[in-house]
């Protein structure tokens, strides 16, 4: 059975989310990244259906993205956006009477994941990060183009950007076409453009988790990293491995930022093995 979508009040706004496998005990919460038009469906759609027979899977549209209600008054900093998203995740799970859960975060979603661990460590069982922000990594031309997308938000620029997320777009063209269709529909919405252009992205050093904070995260961690990721370079995962006390790292060659799409079978195997 496929995933369902719903909307719940989470504090001062309504959160859109995908959910499946509610009869299963183990809860996996999936948090998407911050590319133009990103949302739960474009990031996680095929994964949720695959895993719903074994796990209770939940994937919200992060505050500032997708079908989740957008702010009338935007947060003033990247850190404020992050705190709103941490509160959003915890409030959503509270409303669903879920006390303990596992987290899977991609890119910005990985940064939110790490902040959820900081905020409510007693509730988080295990953590999987995939091309995650949080560690030290050099900025790339691709990330600069992504941040500045709305300076020239054409279909062609979104198509180019989408292909840059992966190592070899010719191998998964059908999947990329599906993602592009969903994302282009999203980026045309005025409320999404407004959120994207209001302090959505970090200044220098703002997307780093302090090493002393990482050292205190005792949960089992699995870090998945595309060796050729051009949006969050492998140095981010490598630097976090210096401090996380209970972590393993898997590097995937011929793979960019979207392991769950480029290496789907390997990603599903890693999830089933780890959780």
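A few remarks follow.
- Taking only the alpha carbons of segment 210-275, we obtain Rg and Dmax values of 12.3, 35 Å in that order.
- Alpha-carbon Rg with Dmax, taken over segment 194-239, Å: 13.7, 38
- Taking the three principal axes of the alpha carbon atoms in segment 30-107, the coordinate ranges are 40, 28, 20 Å, sorted in descending order.
- Expressed as a fraction of 2.2 N^0.38 Å, the C-alpha radius of gyration for segment 91-153 is 1.42.
- The ranking of 44, 79 by Cβ neighbour count inside 10 Å, starting from the fewest, reads 79, 44.
- Average Cα contact separation per residue, segment 4-274, under 8 Å, 6 or more apart, as relative contact order %: 20 percent
- Ranking of 84, 255 by count of other Cβ atoms within 10 Å, fewest first: 84, 255
- For segment 40-161, the normalised intensity computed at q = 0.11, 0.19, 0.23 Å⁻¹ comes to -0.44, -1.28, -1.61 (log10 of I(q)/I(0), Debye sum over alpha carbons, equal scatterers, no solvent).
- Across the chain, the volume of the C-alpha convex hull divided among the residues equals 115 Å³ per residue.
- log10 of Debye I(q)/I(0), alpha-carbon scatterers only, for segment 134-212 at 0.14, 0.24, 0.28 Å⁻¹: -0.58, -1.19, -1.33
- Values of log10 I(q)/I(0), in the order q = 0.16, 0.17, 0.18, 0.21 Å⁻¹, for segment 148-275 under a Debye, Cα-only, solvent-free model: -1.00, -1.08, -1.15, -1.24
- Among 215, 151, 125, the largest mean-square fluctuation in a Gaussian network model of the chain, built with springs joining Cα atoms closer than 10 Å, belongs to 151.
Where a number appears in this text, it was derived from the coordinates with a stated rule and is not lab data. Nothing here was measured: the structure is a model prediction, and the numbers come from that model. Backbone-built Cβ (ideal geometry, glycine too); neighbour counts: all protein chains shown.
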